[in-house]
């Protein structure tokens, strides 16, 4: 008996020592960025990338587009250029992360991630509140695990509770909802196991339906209050006197069943809620609150490494131009990681820093990988992370940059009401329709289109804004700046965040003389700048 106790104590002490030694110490962004550089060199088996660091002009433009979604003003460009501080890049990023623009820029990014793959078009009713919710959360330094939890456990009117957008986007359908939760928050596309075992991953069909078993008691119901039309995500916990169809989304179902594919007319096997990545489970009959709260807790736990890895991989890809895993929402134990030590370290540090979103931005932007000059996307057989990749601006980045360059206020949205459902029309929405794309898609697949070109070249909105009339941004500049070369420089700083080359000045001044009308010539110059590849891409 004494021997057994001694062995038990020894095992307990050894286990405790192991746990203490395995605790990850949280590091500062600067410390982490240095470590990332070393680990990346080991992963890639080379000391450094054969590519110089981006100059201050490029870094400023890149950081501002990435963090707050717009170009720097001429004043911001000049101020950064003349700042002699060695740590001015670090200070710039820190300052940008404290602005309200950070939250609104990344709220729009996540709005697109959540709504682009919607199965319910009326989910767009939640778009505005979703954006407002995310903006507030990001600017309030809410940790990523708490933001994810809000989406998983959301309830209420979709016009009032922004976190309901993810469930509303999938009509509350358990299979579609958990597929998106897995894809967005864990980077794993388990939906491929809905009808059969996953063809290229280890996940089984039963595991998919065990995940869906966290959501049968969620219903999406119509809301009618006078002329108002909306929908509400509600929690339904009453048991049904008879088996109910999995697809009755107006009142929910008591349990989720996995159909026998050979006997589709039968209810199928009732599934126990189990999180496939950790094996944690609940009993059949658990309440909706218990199911969703448990799923959120287990999914965001440090025991589930895929939660941290999914966020790190996505943000790294958006900032550097290429993820450790590609596509960015298809990761997992059976996928190849291009830099596994670096990926694991960043994910561990993200957890150690309590899922601090801004910590990750500060860390990645401080790495050599982020600060390299940009180049074309690599071929599959070339070494990754040798440059920061050129990529098209997202629709909101393009529109915000246009507003800044043209010196105009963003036009307000107009409300339209049809059959009780109101819709918002705005110039920003128009650009989102033409230039929008799913942020989860590989950037190499995002292509320019004829409607985009026509919108930029012929849109009345653009034509009015670049007019030389006295009440426009260009009109005011024409009155304030008499010297043509000085005005050319001003427009280049606004559109490209750099001064024009001597050749560009020569071409522009020659064009002004040829046209013979100063206002008309500068309208054409400004038009050509915003329709260029340099303006519409982030380097």
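The values are calculated or read from the model by the stated rules, or taken from the named source; none is laboratory data. Because the structure is a prediction, the values reported are computed rather than measured. Positions of Cβ are backbone-derived with ideal geometry, glycine not excepted, and every protein chain shown enters the neighbour counts.
Summary of computed values
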{"quantity": "Matching residues, region 172-199, being part of a loop (DSSP other than H, G, I, E, B) and surrounded by fewer than 19 Cβ atoms within 10 Å (Cβ to Cβ)", "calculated": "194, 195, 196, 197, 199"}
{"quantity": "Residues of region 71-115 that turn out to be over 26 Å from residue 406 (Cβ atoms) and not in a helix (DSSP H, G or I), as a count", "calculated": "6"}
{"quantity": "The lone exception for residue 237 - which of (1) modelled with pLDDT of 80 or more; (2) in contact with a helix residue (DSSP H, G or I) (Cβ under 8 Å, 6 or more places away or on another chain); (3) under 14 Å from residue 173 (Cα atoms); (4) not in a strand (DSSP E or B) it fails", "calculated": "(3)"}
{"quantity": "Residue within region 285-292 that is surrounded by fewer than 21 Cβ atoms within 10 Å (Cβ to Cβ), within 23 Å of residue 204 (Cβ to Cβ), in contact with a helix residue (DSSP H, G or I) (Cβ under 7 Å, 6 or more places away or on another chain) and not assigned by TED's automatic domain parsing to the domain that holds residue 362 present", "calculated": "no"}
{"quantity": "Conditions (1) buried (at least 21 other Cβ atoms within 10 Å of the Cβ); (2) touching a helix residue (DSSP H, G or I) at 6+ places or on another chain (Cβ under 8 Å); (3) in a helix (DSSP H, G or I): number failed by residue 314", "calculated": "(2)"}
{"quantity": "Some residue of region 451-460 being over 30 Å from residue 436 (Cα atoms) and free of Cβ contacts under 8 Å to residues at least 40 places away in the same chain", "calculated": "no"}
{"quantity": "Residue among 62, 30 that alone is under 22 Å from residue 342 (Cβ atoms), out of contact with any strand residue (DSSP E or B) (no Cβ under 9 Å at 6 or more places or on another chain) and either surrounded by 10 or more Cβ atoms within 10 Å (Cβ to Cβ) or at pLDDT below 95 (or both)", "calculated": "30"}
{"quantity": "Condition broken by residue 118, with the remaining ones in (1) surrounded by fewer than 22 Cβ atoms within 10 Å (Cβ to Cβ); (2) farther than 24 Å from residue 432 by Cα; (3) in the same structural domain as residue 171 (by TED's automatic domain parsing) satisfied", "calculated": "(2)"}
{"quantity": "Counted residues, region 200-233 - those being surrounded by 20 or more Cβ atoms within 10 Å (Cβ to Cβ) and part of a loop (DSSP other than H, G, I, E, B)", "calculated": "6"}
{"quantity": "Conditions (1) assigned to a helix (DSSP H, G or I); (2) within 20 Å of residue 72 (Cα to Cα); (3) at pLDDT below 90; number of the one not met by residue 444", "calculated": "(2)"}
{"quantity": "Residues (modelled with pLDDT of 90 or more, surrounded by 13 or more Cβ atoms within 10 Å (Cβ to Cβ) and more than 13 Å from residue 526 (Cβ to Cβ)) located in region 454-468", "calculated": "455"}
{"quantity": "Single residue of 493, 487 found to be modelled with pLDDT of 95 or more, crowded, with 18+ Cβ neighbours inside 10 Å and over 30 Å from the mean Cα position of the chain (by Cα)", "calculated": "487"}
{"quantity": "Qualifying residue in region 392-410 (condition: at pLDDT below 90 and loosely packed, with under 15 Cβ neighbours inside 10 Å)", "calculated": "yes"}
{"quantity": "Single unsatisfied condition, residue 279 versus (1) in the same structural domain as residue 148 (by TED's automatic domain parsing); (2) in contact (Cβ under 8 Å) with a residue 60 or more places away in the chain; (3) out of contact with any helix residue (DSSP H, G or I) (no Cβ under 6 Å at 6 or more places or on another chain)", "calculated": "(2)"}
{"quantity": "Lone unmet requirement of (1) over 14 Å from the mean Cα position of the chain (by Cα); (2) assigned by TED's automatic domain parsing to the domain that holds residue 292; (3) surrounded by fewer than 21 Cβ atoms within 10 Å (Cβ to Cβ) for residue 133", "calculated": "(3)"}
{"quantity": "Residue in region 316-332 that is touching a strand residue (DSSP E or B) at 6+ places or on another chain (Cβ under 8 Å) and under 18 Å from residue 183 (Cβ atoms) present", "calculated": "no"}
{"quantity": "Among the residues listed as 333, 340, 384, 327, the single one being touching a residue at least 12 places away in the same chain (Cβ under 8 Å), surrounded by fewer than 23 Cβ atoms within 10 Å (Cβ to Cβ), under 30 Å from residue 283 (Cβ atoms) and outside the structural domain of residue 185 (by TED's automatic domain parsing)", "calculated": "333"}
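For every residue, the table says whether it meets (1) free of Cβ contacts under 8 Å to residues at least 60 places away in the same chain; (2) surrounded by fewer than 20 Cβ atoms within 10 Å (Cβ to Cβ); (3) under 26 Å from residue 310 (Cβ atoms).
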| site | (1), (2), (3) |
| --- | --- |
| 75 | yes, yes, no |
| 84 | yes, yes, no |
| 103 | yes, no, yes |
| 125 | no, no, no |
